[in-house]
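Read the figures in this text as sums done on the coordinates, not as results from a lab. None of these values were measured; they are calculated from a predicted model. Here the Cβ positions follow ideal geometry from the backbone for every residue, glycine too, while neighbour counts run over all protein chains shown.
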Amino acid sequence: MRQELDDLLCQRYPELFRDRHGDRAQTSMCWGFACGDGWFGIIDRLCADIAAQVRTGKMPSVVVSQVKEKSGTLRFYIRGGYLHGGNAQTHRLIELAQQQAQHTCEECGQPGVLLDVGVPRVRCAACAMESR
Ligand SMILES: [Zn+2]
């Protein structure tokens, strides 16, 4: 993800991304947002939803430990993982974002599908043409 969008997420959600420049022995967040710009909107909405729930006390505070693309899917990990991080609502929101990413071009954010472009990636028709 380009620097400008990375910075924007860290500015908007400083609590969630407090490990953004953490030690790589402690967090994978030091690598930044390891996915395309097209998923920015999905990640931004997910973080806004989480931040709102934390603010109103419906969810324990959450620190993100890794955001990346893997095998064409969005991965969004939090400190404590599935068992000890967040609550059921946190995991529901993350799952919803992952489902949205399955149909959103990782390059441009337009509707897309999982394609084989040498590796599995979610792409719209135009971006799929470009990656050939
Ligand atoms: Zn696209």
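Worth pointing out:
- Here's the picture: a label point sits 7 Å out from the Cα of GLU4 along the beta-carbon direction, and within segment 17-61 the residues with their amide nitrogen under 13 Å of it are 37.
- Relative to the 2.2 N^0.38 Å rule of thumb, segment 36-75 has a C-alpha radius of gyration ratio of 1.32.
- For GLN11, net neighbour charge (Lys/Arg +1, Asp/Glu -1) across residues whose Cβ lies under 13 Å away: -2
- With a cut-off of 9 Å between beta carbons, the residues surrounding ARG75 carry a summed charge of +1, where Lys and Arg count +1 and Asp and Glu -1.
- Placed amide H near GLN66: partners under 5 Å, 5+ positions off or other chain: TYR77
- Over segment 3-103, Cα pairs under 8 Å with separation of 6+ residues give a relative contact order of 25 percent.
- Legend: ranking of residues LYS68, LYS58 from fewest to most surrounding C-beta atoms inside 10 Å; resulting order LYS58, LYS68.
- Centroid-to-centroid, using Cα positions, segment 1-63 and segment 100-132 are 23 Å apart.
- Contact order normalised by residue count of segment 55-110, Cα under 8 Å, 6+ apart, percent: 29 percent
- Among the helices of the chain, none built from whole DSSP H runs has Cα atoms reaching 30 Å or more along its own axis together with a mean Kyte-Doolittle hydropathy of at least -0.5.
- Reported value for segment 3-103: 93 Å³ per residue, from the convex hull of its C-alpha atoms.
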